[in-house]
Amino acid sequence: MRYIKPRSLKRLPGFLFLIGCLSSSAQTFTTKGTSLYDYYGYYFRQEFNIEVTGLPAVADSSFGLTSVLLNLRHERVSDLKITLESPDGASIWLTNRNGKDSGAHYIHTRFSQFGQSGLISAARAPFTGDYRPDGQLEFLNHGQNPNGTWKLYIEDLKKDFSGDLDSIQLLFSHQPAKAIIRKKCDFENIGLCDCPDGAKNCDLLPDLVIIPFFTENQIQEYAWNDPVYPRQLRLAATIANIGYGPMEIKGAKAEKEGRLSVNQRIYNRKNGKLAYQDFPAGTMYFEDKPGHNHYHVDDWVEFRLVKISNKKRTILTKGSKVSYCLFTTGIIYQSDGFSTINGKKYGENMPNYGLGYYPSCNFDKQGISVGGYDTYGMLYEGQYLELPENLPNGDYTLEIEIDPHHWYRESDKKNNVFSMKVRVGKQVVYPSRR
Ligand SMILES: [Zn+2]
């Protein structure tokens, strides 16, 4: 356990040195690392430069970033949010607070678009293998020049442990991470986008649902005397858009109950042409907690614990409504084990798959593209229900409702509540984890 004082930060850049090495089929660029700092109470991210030179001038679907190899030692990796940024400023999460409570280290962890070891968020430390990152690598091959300074940002979001970055390596090749496109339906070619029931004109509405897999894999009850998460049932929530159009929102300057007001933008296809309308919806605010530093949409989800007996539903507790930043963290492929939602498989077969581009959480524009999802891990702020005192051991139902106020328009509001059986109660004794 080590606590490093801020004054030592200015020594950091001197520790970095760079190696670029070339092979005939692929090119790799490596940065050797240095000590990582522990969280000391305010927003701070450590920056590591990876100098990339000598590549073709465009990173796209024929050449570009293929994988990222990470070696990092840290006794509790769930403290860490690790972001990769291309020289033009596009960025994705490689991994954000994964590894549950006590997972340690990233050892020879490769991130690639279809990582065969599965999602990094569902895996166990030390993550040795080939994983899909939390974000989309293909966002970093969007036609920009890949030559220049790539940046790896590491944020430690919780105190008590620090670590070392050993190395980070970027691999570029002719098999890059790339968007899977079924046909060219986009805002420039709206005539190629489908309307429900083959209609010529329509509103391209989103439809939001919870993907069960993420919550099922990241849910944990903590004891009443747990020093960090007392009596909490912590859980992940991942919201997918299975509609015909993107979920898109825009902040507006007007204030509404002390918050910034939000409009929802609905796109329409009218005789092959693109149009849109903005509708007043909810509110948003600037979230400055560690790991965020961007705009959040208020009251985006609500968690509830309910008891259902003899068809009677009793709400035992509700979490406060949690605010989210909306962006397309990942996208669903049909080959994914988790792409079955409410008995139906989703992915590249979806009409208008990939429509909308939402790589970050800006004030002007946030959203979830068609087939995209926005994920919140179990260790993110607000991802819990406080269990009632003296809750009897037993089986209960966890409910997650998206947009509990019904502020946002969707093609189907009835599928916004996800429920799942959970077994909770006083049987959990500290230490309840690990
Ligand atoms: Zn956030």
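Just to confirm my filter: which strands (runs of 3 or more DSSP E) fall fully inside the stretch 171-229 and include at least 2 residues that are β-branched (Val, Ile, Thr)? If you could, list the steps in order and put the result at the bottom.
On the way: elements: 202-204, 208-210, 219-221.
Ranges flagged: 208-210.
Kindly provide the set of residues from the stretch 356-374 that are within 15 Å of the ligand (Cβ to nearest atom) and open to solvent by 10 Å² or more (accessible area, probe 1.4 Å), ordered by number.
Passing the criteria: Pro359, Ser360, Cys361, Asn362, Phe363.
Restricting attention to the stretch 306-326, does a residue exist that is within 16 Å of the ligand (Cβ to nearest atom) and modelled with pLDDT of 95 or more?
yes
Please give the number of the condition Glu221 fails out of (1) in contact with a His (Cβ under 8 Å, 6 or more places away or on another chain); (2) open to solvent by 10 Å² or more (accessible area, probe 1.4 Å).
Here Glu221 meets the rest and fails (1).
Hey, could you check the stretch 275-296 for residues that are open to solvent by 40 Å² or more (accessible area, probe 1.4 Å) and in a loop (DSSP other than H, G, I, E, B) and say which is farthest from the ligand (Cβ to nearest atom)?
This residue is Asp288.
Please find, within the stretch 121-170, the residue that is nearest to Val68 (Cα to Cα) out of those that are among the aliphatic types (A, V, I, L, M) and assigned to a strand (DSSP E or B).
If we filter the stretch 121-170 for residues that are among the aliphatic types (A, V, I, L, M), which is where we start, we get 122-123, 125, 137, 140, 152, 154, 157, 165, 168, 170.
So of that shortlist, the ones also assigned to a strand (DSSP E or B) come out as 152, 154, 165, 168, 170.
Details: Leu152: 11, Ile154: 15, Leu165: 14, Ile168: 7, Leu170: 5 Å.
Top of the filtered list is Leu170.
Starting from the stretch 308-326, keep only residues that are touching a residue at least 60 places away in the same chain (Cβ under 8 Å) and open to solvent by 20 Å² or more (accessible area, probe 1.4 Å), then list their pairs with residues that are away from the ligand (no atom under 16 Å from the Cβ) and acidic (Asp, Glu) whose Cβ atoms are within a distance under 7 Å, requiring at least 6 positions of separation or different chains.
So the pair list comes out as Thr317/Glu386; Lys318/Glu302; Lys321/Glu302.
Can you say whether Ala104 is open to solvent by 40 Å² or more (accessible area, probe 1.4 Å), of a type outside the set (Val, Ile, Thr) and at pLDDT 95 or above, as far as the supplied structure shows?
no
The values are calculated or read from the model by the stated rules, or taken from the named source; none is laboratory data. Because the structure is predicted, anything quoted here is derived from the model rather than measured. Cβ: placed from backbone, ideal geometry, glycine included. Neighbour counts: every protein chain shown. Protein only, heavy atoms only, side chains kept; ligands, DNA and RNA dropped before computing areas. Shrake-Rupley method; radii C 1.70, N 1.55, O 1.52, S 1.80 Å.
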